[in-house]
Amino acid sequence: MTTSAAGTGSRAPSVLEAPPPAFSPDQIADIAERLFGVGGRAVNLGSERDQTYLIEEDGGPGAVLKISNSGEDPAVLDLELEAILHIAGVDPSLPVARPRVARPRVTRPRVARPHAAGTAAVIHDAGLGDHAGPDGGPASEAYRPTVQGSDGTHFVRLFDRMVGHTAAASELDDDALRDFGATQARLNLALRSFFHPAAGRELLWNLKHATKLRPLLAYIADARRRELVEAVLDRYDQRVAPAWSSLRAQVVHGDLSLDNVLVDDRGRITGIVDFGDTAHTAQIADLAVSLASLLRGRTGQDAFRSARLVIDGYMSGSPLEPGELAVLGDLVSARMAAIVAISAWRVARYPENAQYIQAWDDDSWALLELFAGYGPDAVAREFGAPRPPVATAPLSARRRQLLGSALTDLTYRRPVHVVRGQGVWLYEADGSRLLDAYNNVPVVGHCHPRVTEAVVRQTRAVNTHARYLYEPLVELAERLVGSMPAGADLDTVTLVNSGSEANDLAWRIATATSGHSGGLVTAFAYHGVSSVIADLSPEEWPEGFRPTNVETIAAPGTGPSVKAEMERALGVLSERGAGLAATYIDGGFTSDGILIPASTDVAEIVDQTQRAGGLFIADEVQAGHGRLGRDLWAFVGYGITPDVVTLGKPMGNGYPVAAVITRKELMDRFAATTEFFSTFGGNPVAAQAALAVLDVIEDERIVEHASRVGGVLIAALADLQGRFPAVAEVRGQGLLVGIELSTTTDPRRPDPELAQRVVEAMRERGVLIGRTGRHSNVLKIRPPLVFAQEHAERLVDTLAVVLDEQTVARR
């Protein structure tokens, strides 16, 4: 439509306002033969505003003749033609009904057989002799000769006859529904690079113009039904119209409904016809049109279930954006509103065509009633709209009830209820933004686009287990081996799912190759949650618990000399009959309070471990991937060569993936006694996530960045030590920093209560940090490594305010 539904003034009538053509079947058969050389019986296929006939060709495949409404714009017909030809060029296997060129020339006007009304139809000169398009093909006029009818001039087109039959929605099974969605995605992808000036026409069926349906509501006689449609349009104005400009838009088919497709006996699309509603609109609106057709006759949850299958099929070829899913339910409702409103208006104008015009009405009203019963927000969610966040308090209660008391409680007194993350920021359900200075899992930032896209792309391709051959696993192993220091002979990789699993496998390698059963760890270390590794994690030991095969040493710089500690601990294990199998060291000594000891101390641990017949295991789960800012791996900065390196948490930026890297000789000795396999370890998606993380670290120079920003941060925090007596020490390196808090009267006396209050107060002011150390009095700062100087300044300024508040509160 050009201006309004009813039309005013002297402009030419729109295709919805002009009456359909009125040629008889005999006349139509004659037109097909004269203009296109296709002879045969004409069978009416029905049409809302045109005449569409099947020409059952004698001895040939037949074709479909379409005589356009006298209100048709030739530019629109050219739009349809060029869209079809574009699709055929981009995706030739799409079963689109292709147009045929008319005969080169009709030499003189000819009066056709009289039609029922007794008037004549004159076939005009098509003027097709030497016309050619810019690509050397026939000009558009060659596809649309004209005939003169009782109400004016009509364009005539002939299309290939497609094999198949029309089907009701109820005839399509689940697989057919998915296939329908996938086919529509292909169709839209084929058209996404296409445009034509006429695509901007104002067509009332285009959901872009749904608000212009309002003048037609007066034609809906039933008040209750009129109110249903009004409510749909009100919702459209409130929710869809404001978002329209943000939706992806392109030229689309516009009416890929069951009336415009043919299917085979399995319900798969074999023919796509009738591009009469082709226009430029939101891509999601095109899918909404199809859904409204595919849901006909479906009731209750089956309607929504069926819709989701179609959406799944569509997204297999063209993933939808969250904003598109948010309005899809409203657009399906708007399509049904358009069906019943336009139907009511058209029937009032052309009652003789009522049966065809009203064909969809009953099903559309039934679906409108169904949707009204659910409510628009519930309908939106059924179609995939993001669900609004649940209130924090009841969600927290559900967590406690369902997950049990053994699970570590939430970190803060007022839970951090996250719904989104980006970079160094977390966003809560109430919309507030928190600076994340605590979480080392998203090492390159929350939801880094490189990592998320790597995961999504691989998920769409294939995800399986490591007993099949695929490149990402091998490439990741090569990258990890290549990141190890030259001469270290760390040349063999096993991929698993978590740091705990990596450390557990490292323990199995150590016990198998050493023949011993004893383990050494620092006094308050944490290395994982498996049964074996929990015994090697004194941070998690219950009161009075101490495994007989595990001995602890004081973290370097916190007790006796490392040499003396190692000799003592090795002696204890020997007395217990458990020779040393492995020593585990976290390069940042994170759980011990965040320490960066002298390289000579760490080298002493390595030396004594190996001389005792054990393996030295460098646990890089917390300090690796560039966190310390010197090197990619913490152990490199200490100048040592471990026997085994374990990776975890940050390796996939939140996607579960971990690794064990060791020497081939050790893995061969382990393999001689057992066989190891992890179903999900090193799966293609996990491997791609880990590869993307390594790429980002390299491309964004993350290690250098962590060193630079960490230096600024540590220096600024050290200044607080002189201002606040409770700050006993600031220590760390890169972006792993600890601030030890003590009582103001005795710097040697830990103050865990103050540390807890500071952590809670920082959270309330929008900055997340944690606590660590044996006495939980060390503030732990361990942000994503994209933490910038501006973030460091915000953290320091906020901490200064909080410490000042705590100092005042103590007085």
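The values are calculated or read from the model by the stated rules, or taken from the named source; none is laboratory data. Since the structure is predicted, the reported quantities are computational estimates derived from the model, not experimental observations. Note: ideal-geometry Cβ built from the backbone for every residue, glycine included; neighbour counts use all protein chains shown. Note: accessible area is taken over every heavy atom of the protein model, side chains too, but ligands, DNA and RNA are not part of it. Shrake-Rupley method; radii C 1.70, N 1.55, O 1.52, S 1.80 Å.
Assorted remarks:
- Restricting segment 695-710 to residues that are open to solvent by 60 Å² or more (accessible area, probe 1.4 Å) and in a helix (DSSP H, G or I), the residue that is farthest from G734 (Cα to Cα) is D699.
- Single unsatisfied condition, R420 versus (1) under 20 Å from N440 (Cβ atoms); (2) within 24 Å of the chain's Cα centre (by Cα); (3) open to solvent by less than 100 Å² (accessible area, probe 1.4 Å); (4) free of Cβ contacts under 8 Å to residues at least 60 places away in the same chain: (3)
- When residues of segment 661-681 are limited to those that are buried (at least 24 other Cβ atoms within 10 Å of the Cβ) and more than 20 Å from G588 (Cβ to Cβ), the one modelled with the lowest pLDDT: G681
- Members of segment 346-364 that are among the polar types (S, T, N, Q) and open to solvent by less than 50 Å² (accessible area, probe 1.4 Å): N353, S364
- Beta carbons closer than 8 Å, at least 6 apart along the sequence or on distinct chains, pair a first residue in segment 768-784 that is closer than 21 Å to T744 by Cβ and open to solvent by 10 Å² or more (accessible area, probe 1.4 Å) with a second that is of a type in the set (S, T, N, Q) and modelled with pLDDT of 95 or more for R771/Q756; R771/N777; S776/Q756.
- Looking across segment 313-330, the residues that are of a type outside the set (S, T, Y), more than 16 Å from R381 (Cβ to Cβ) and in contact with a Lys or Arg (Cβ under 9 Å, 6 or more places away or on another chain) come down to G313, G317, P319, E321.
- E82 meets all of the listed conditions (1) at pLDDT 90 or above; (2) touching a strand residue (DSSP E or B) at 6+ places or on another chain (Cβ under 8 Å); (3) farther than 19 Å from D151 by Cα but one, namely (2).
- Checking Y584 against (1) assigned to a loop (DSSP other than H, G, I, E, B); (2) closer than 22 Å to V644 by Cα; (3) touching a residue at least 40 places away in the same chain (Cβ under 8 Å), the condition it does not meet: (1)
- Residue check: H465 meets all listed conditions (1) modelled with pLDDT of 95 or more; (2) touching a Phe, Trp or Tyr at 6+ places or on another chain (Cβ under 8 Å) but one, namely (1).
- Subset tally (residues that are in contact with a helix residue (DSSP H, G or I) (Cβ under 7 Å, 6 or more places away or on another chain) and more than 19 Å from R669 (Cβ to Cβ)) for segment 504-531: 10
- Selection status of D73, open to solvent by 20 Å² or more (accessible area, probe 1.4 Å), modelled with pLDDT under 90, more than 12 Å from R161 (Cβ to Cβ) and more than 49 Å from the chain's Cα centre (by Cα): no
- Among the residues of segment 483-501, those identified as of a type in the set (G, A, S) and farther than 22 Å from V532 by Cβ are S483, A486, G487, A488.
- Residue within segment 17-32 that is of a type in the set (D, E, K, R), part of a loop (DSSP other than H, G, I, E, B) and at pLDDT 85 or above present: no
- For segment 321-341, a tally of residues being more than 12 Å from A285 (Cβ to Cβ) and of a type outside the set (G, A, S) returns 6.
- Top-ranked residue in segment 736-756 [being crowded, with 18+ Cβ neighbours inside 10 Å and not in a strand (DSSP E or B); ranked as nearest to the chain's Cα centre (by Cα)]: A755
- Candidates L213, L204 - the one that is open to solvent by less than 70 Å² (accessible area, probe 1.4 Å) and either at pLDDT below 95 or more than 21 Å from R349 (Cβ to Cβ) (or both): L204
- All positions within segment 639-660 that are buried (at least 24 other Cβ atoms within 10 Å of the Cβ), touching a Leu at 6+ places or on another chain (Cβ under 9 Å) and assigned to a loop (DSSP other than H, G, I, E, B): P642, D643, V657
- Contact annotation: residue pairs with Cβ atoms under 7 Å, 6 or more positions apart or on different chains, pairing a residue in segment 169-185 that is within 22 Å of S93 (Cα to Cα) and assigned to a helix (DSSP H, G or I) with a partner that is at pLDDT 95 or above and open to solvent by 60 Å² or more (accessible area, probe 1.4 Å), are A176/R266; R178/D312; G181/D312.
- Total residues in segment 137-161 satisfying the condition of being modelled with pLDDT of 90 or more and buried (at least 19 other Cβ atoms within 10 Å of the Cβ): the figure is 13.
- Checking L713 against (1) surrounded by fewer than 22 Cβ atoms within 10 Å (Cβ to Cβ); (2) assigned to a helix (DSSP H, G or I), the condition it does not meet: (1)
- Per-region count, segment 42-55, residues surrounded by fewer than 16 Cβ atoms within 10 Å (Cβ to Cβ) and out of contact with any helix residue (DSSP H, G or I) (no Cβ under 6 Å at 6 or more places or on another chain): 2
- Filter result (in a loop (DSSP other than H, G, I, E, B) and either closer than 19 Å to V64 by Cα or open to solvent by 60 Å² or more (accessible area, probe 1.4 Å) (or both)) within segment 76-106: P92, S93, L94, P95, A97, R98, R100, V101, A102, R103, P104, R105
- Total residues in segment 611-628, condition assigned to a loop (DSSP other than H, G, I, E, B) and surrounded by 23 or more Cβ atoms within 10 Å (Cβ to Cβ): 10
- In the set (1) crowded, with 24+ Cβ neighbours inside 10 Å; (2) in contact with a Gly (Cβ under 9 Å, 6 or more places away or on another chain), V332 fails one condition alone, (2).
- For segment 284-300, a residue qualifies if it is part of a helix (DSSP H, G or I), of a type outside the set (S, T, Y) and open to solvent by less than 10 Å² (accessible area, probe 1.4 Å), and the qualifying residues are I284, A285, D286, L287, A288, V289, L291, A292, L294.
- Applying the criterion of at least 2 residues that are open to solvent by 10 Å² or more (accessible area, probe 1.4 Å) to the strands (runs of 3 or more DSSP E) found wholly in segment 461-578 leaves 492-496, 550-553.
- Test: Y350 is hydroxyl-bearing (S, T, Y), at pLDDT below 95, in contact with a Pro (Cβ under 8 Å, 6 or more places away or on another chain) and at negative phi: yes
- Scanning segment 423-445 for residues that are modelled with pLDDT of 95 or more and of a type in the set (D, E, K, R) yields E428, R433, D436.
- One residue stands out among those in segment 235-276 that are closer than 15 Å to W205 by Cα and part of a loop (DSSP other than H, G, I, E, B): the one that is most open to solvent (accessible area, probe 1.4 Å), which is D274.
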